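The values are calculated or read from the model by the stated rules, or taken from the named source; none is laboratory data. For clarity, every value in this text was computed on a predicted model and none was experimentally measured. A quick note on method: Cβ atoms are made from the backbone with ideal geometry, for glycine too, and the neighbour counts reach across all protein chains shown. Heavy atoms of the whole protein, side chains included, go into the accessibility calculation; ligands, DNA and RNA do not. Shrake-Rupley method; radii C 1.70, N 1.55, O 1.52, S 1.80 Å.
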Amino acid sequence: MKLHEKEQERINEIISELSKLYPNATTALNHNNPFQLLIATILSAQCTDERVNKVTEKLFKKYKGPEDFAKADRAELENDIRECGLFKNKSKNIIETSKILLEKYNKRVPDTFDELIKLPGVGRKTANVVLANAFGKPGFAVDTHVYRLAHRLGFSDEKDIVKVEEDLKRKIPEDLWIKAHHWLIYHGRNVCRARKPLCDNCSLSSLCPKSYETIEADKCCEQNS
């Protein structure tokens, strides 16, 4: 068996095991429609999903849709989302994005990557999250957990976020991109943690290269959110 075939076999085994570990994995961001998911994902930059959900529980009762956000008082919105951090930029982007959705898309969240990344506050990660979870379109969002595990598990040795995404898409079947994204996140949160990975309790240990290097995942990923 050729080296690349052995490597692909190893990756397939990892994906198979992750699917068994986290069969019900899905996005942790609470939302009822594509617009709410878009706003929640913008808020999630450098913030935990748990905190975002706490904020949006009240936020989405106060602001029902893009109409309300578009006419929101910026200072008031900043206060409403303060707990998510970066609230000045996020409030500005949310208001501007809401206006664009009203003016250009008839309140609708666009369902193509090229249109999404043109919206204020939307980068590759956010666009892929919305495409996958709101519209069911194949995408592979690379956040801090995915970036970290892609390196630790040997899916990629690239530092550039786009190249990491390309490596993941090339090595994982397209019909599993959405699920694999969530599997990697769940494993990153529960076992393969940033500071103290629980290697002794990891069912992937026999398949893991264990070539742990210090990766500045937070800085690299957040600029592409």
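At a glance:
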read-out: Computed label-point distance, nm, for sites E5 and D68 using a 7 Å Cα→Cβ extension; value: 5.9 nm
read-out: Normalised per residue, the volume of the convex hull around the Cα set of the stretch 143-205 (Å³); value: 83 Å³
read-out: Scattering curve values for the stretch 83-135, log₁₀ I(q)/I(0), Debye with Cα scatterers, q = 0.15, 0.27 Å⁻¹; value: -0.41, -1.11
read-out: Correct choice for Rg and Dmax of the Cα atoms in Å that was computed from the model, options [x] 16.7, 50; [y] 18.3, 63; [z] 18.4, 55; value: [y]
read-out: Sequence of D200, D114 from largest to smallest accessible area, 1.4 Å probe; value: D200, D114
read-out: Calculated [θ] (222 nm, deg cm²/dmol) that DSSP helices of n ≥ 4 give over the chain, each run adding -39,500 (n - 2.57); value: -17000 deg cm²/dmol
read-out: Separation of the R195 and E13 label points, Cα + 7 Å toward Cβ, nm; value: 3.3 nm
read-out: Theoretical gain in end-to-end length, I117 to K159 [0.36 nm per residue, Cα-Cα removed]; value: 13.0 nm
read-out: Eligible lysines near K61 by straight Cα distance, threshold 24 Å, same-chain separation 8 or greater; value: K71, K88, K90, K92, K99, K107
read-out: Computed accessible area, K171, all protein chains, 1.4 angstrom probe, square angstrom; value: 40 Å²
read-out: Distance from the stretch 6-71 to the stretch 78-125 (C-alpha centre basis), Å; value: 15 Å
read-out: Heavy-atom accessible area order for R193, R10, largest first, 1.4 Å probe; value: R193, R10
